[in-house]
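For reference, the structure is listed below as structure tokens.
The values are calculated or read from the model by the stated rules, or taken from the named source; none is laboratory data. These numbers were taken from a predicted model, which means no experiment stands behind them. In this analysis, Cβ positions are derived from the backbone assuming ideal geometry, glycine residues included, and neighbour counts consider all displayed protein chains. Note: areas computed on protein heavy atoms with side chains; ligands, DNA, RNA excluded. Shrake-Rupley method; radii C 1.70, N 1.55, O 1.52, S 1.80 Å.
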Amino acid sequence: MAFIGVLLMIQGFGGLIAEHVFGQSFGLLHRWLDGTALTVVSAVTGVAGLALTIYGVRKEES
């Protein structure tokens with residue numbers, strides 16, 4: 001579960017910074033969304049991935 005969380009974080013947060021760093025979008029979200037919707041969905045996906053990663057790591061420890 002933590003691995004899926006890491007993938008979601010890469011997709012979400014990577015989509016937020018790729019346009020600024022590389023000058024182009026990458027990933028799957030930019031194929032369907034644009035503008036503000038892309039920004040919001042990327043942030044939500046990144047935060048969901050972070051939460052899933054934390055949950056998965058805590059579950060594995062106990």
For residue 10, the lone unmet condition from (1) within 10 Å of the chain's Cα centre (by Cα); (2) open to solvent by less than 90 Å² (accessible area, probe 1.4 Å) is (2)
Residue count, region 13-34, condition within 18 Å of residue 48 (Cβ to Cβ) and open to solvent by 90 Å² or more (accessible area, probe 1.4 Å), comes to 3
If we take the chain, then helices (runs of 4 or more DSSP H) inside it with 1 or more residues that are at pLDDT 85 or above are 2-22, 36-61
The number of residues in region 41-61 that are more than 15 Å from residue 6 (Cα to Cα) and either open to solvent by less than 80 Å² (accessible area, probe 1.4 Å) or polar (S, T, N, Q) (or both) is 1
Of 43, 18, the only residue that is in contact (Cβ under 8 Å) with a residue 24 or more places away in the chain and among the small types (Gly, Ala, Ser) is 43
